[in-house]
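Chemist: Structure provided below as structure tokens; questions to follow.
The values are calculated or read from the model by the stated rules, or taken from the named source; none is laboratory data. Since we're looking at a predicted model, the values are computed, not measured. Cβ: placed from backbone, ideal geometry, glycine included. Neighbour counts: every protein chain shown. Only protein heavy atoms, including side chains, enter the accessible area calculation; ligands, DNA and RNA are left aside. Shrake-Rupley method; radii C 1.70, N 1.55, O 1.52, S 1.80 Å.
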Amino acid sequence: MVATHTTEAAEVPDAAGPRAGHPGPRGLSPQARGMAALIVTVAIWAGFALSARALGASTLRPADAALLRFGVPLLVLLPALWRRRHRIAAVRPGPALKIVCGAGVPFFLAAMHGGALTSAAFVGSIVPGMVPLFVAAIMAARGKGVPRGTQTVGLALIAAGVAALVWRYVVPVDADVLQGAGTLLVASGLWALYTVGLRDVDLDPIGSIGLLCLPSFAVIALLVLTGVLPTGLAQAAGSDIALFLVVQGLGVGLCAGLLYAFAIRSLGAERSSVVGSLSPVAVVLLAVPVLGERPTVAVLVGVPLITVGVVLANRRPRARTTAGAAATAAAPGATARPVPAVSAPRTEVP
């Protein structure tokens, strides 16, 4: 799962490119190509949730999956990352730490452990679903505004959906599922930290991937080499290695971030976030044939509530602009970004 840092200017196609609604050189309009990229991205996000659940039954250990997740993008993007090395090194320590902790090794291990104790539906719903609520809390604590209007309704629906997912495991108590759900909440909170950190850096999608994957791969490799985390990569089945290489390394680590950035550029952030919010539904549907999971009543109630909540939480309330909203904030040489009116922050769906 990769959320990418995009500027407002990135939502508008290049003037030299095809005009909105007009077919490109291969007969597809920019909107059609953007929608295709978004559909593939949603499938990749669903694959992350499914792989988190499937890891417990594979011959790989969590550390092995993490090595593939963070190592493959580095290998594929090495030349491009080398050209961006100065911009990556110039990122301030605070935002860099938010990104590395929020979507790096702590997030990955929490998501994998939570998935092993619950179900794919829990991973696909709780991790991305709670992000808007956590981000809203972080931004409010920083004095950057509070949710308004439909955003407040959306956050309430998200909380209600998560409660609907876990209520049946409270009485009688199922300690494993509750522990797994709690761990997934931690993972979601970390992803929210990552989302906030991305807004504080001026990197393109490839640079953001490098900033995340380089220190994360170094940390997980050090933990494996020192024996802190066990590894079974040498004895793992080739099919398991290939599966996680494609889903985690190429899919989540590389393609999701680049395709989602392309989708935002072609469709706009709001349309992309609305379609992207369907990833929990895709997880539930795919988990039936792939993992043999059967959706419970709690899942059938909780997942739609979370999905609708994410859609509403990502809507920008219409507000009158103020003199301060006309100002711009950007680092030297960066693309200037308009300062929006006070509202809950928009979040990318992991």
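Chemist: Under the condition of being of a type in the set (A, V, I, L, M), in a helix (DSSP H, G or I) and open to solvent by 40 Å² or more (accessible area, probe 1.4 Å), which residue from segment 146-170 is nearest to Pro295 (Cα to Cα)?
Modeler: In this case the residue turns out to be Ala163.
Chemist: Please report, ordered by residue number, the helices (runs of 4 or more DSSP H) entirely within segment 89-145 with at least 2 residues that are open to solvent by 10 Å² or more (accessible area, probe 1.4 Å).
Modeler: Numbers: elements: 93-103, 105-117, 120-129, 131-141.
Passing ranges, in order: 93-103, 105-117, 131-141.
Chemist: While we're here: Just need a number here: residues in segment 201-248 that are in contact with a Leu (Cβ under 8 Å, 6 or more places away or on another chain), farther than 22 Å from Gly56 by Cβ and open to solvent by 10 Å² or more (accessible area, probe 1.4 Å).
Modeler: 7
Chemist: Are any residues in segment 171-200 open to solvent by 10 Å² or more (accessible area, probe 1.4 Å) and under 19 Å from Val299 (Cα atoms), and if so, which ones?
Modeler: Answer for segment 171-200, where residues must be open to solvent by 10 Å² or more (accessible area, probe 1.4 Å) and under 19 Å from Val299 (Cα atoms): Val171, Pro172, Val173, Asp174, Ala175, Asp176, Val177, Leu178, Gln179, Gly182, Thr183, Leu185.
Chemist: Next up: Only one of these is open to solvent by 50 Å² or more (accessible area, probe 1.4 Å), under 18 Å from the mean Cα position of the chain (by Cα), farther than 25 Å from Gly210 by Cα and not polar (S, T, N, Q): Arg265, Arg271. Name it.
Modeler: After applying the criteria, what remains is Arg271.
Chemist: Another question, if that's okay. Checking Leu229 against (1) part of a helix (DSSP H, G or I); (2) at pLDDT 90 or above; (3) not hydroxyl-bearing (Ser, Thr, Tyr), which single condition isn't satisfied?
Modeler: Answer for Leu229: the failing condition is (1).
Chemist: If you check Leu55 against the conditions, is it part of a helix (DSSP H, G or I), closer than 15 Å to Leu109 by Cβ and open to solvent by 30 Å² or more (accessible area, probe 1.4 Å)?
Modeler: Considered against the rule, which asks whether it is part of a helix (DSSP H, G or I), closer than 15 Å to Leu109 by Cβ and open to solvent by 30 Å² or more (accessible area, probe 1.4 Å), Leu55 comes out as no.
Chemist: Another question, then. Just a yes or no: is a residue in segment 97-116 in contact (Cβ under 8 Å) with a residue 40 or more places away in the chain, of a type in the set (Val, Ile, Thr) and closer than 23 Å to Val303 by Cβ?
Modeler: No, segment 97-116 contains no residue that is in contact (Cβ under 8 Å) with a residue 40 or more places away in the chain, of a type in the set (Val, Ile, Thr) and closer than 23 Å to Val303 by Cβ.
Chemist: Further question on the same structure: Kindly list the number of the only condition in (1) outside any helix (DSSP H, G or I); (2) among the polar types (S, T, N, Q); (3) within 19 Å of Cys255 (Cβ to Cβ) that fails for Thr41.
Modeler: The single condition Thr41 does not satisfy is (1).
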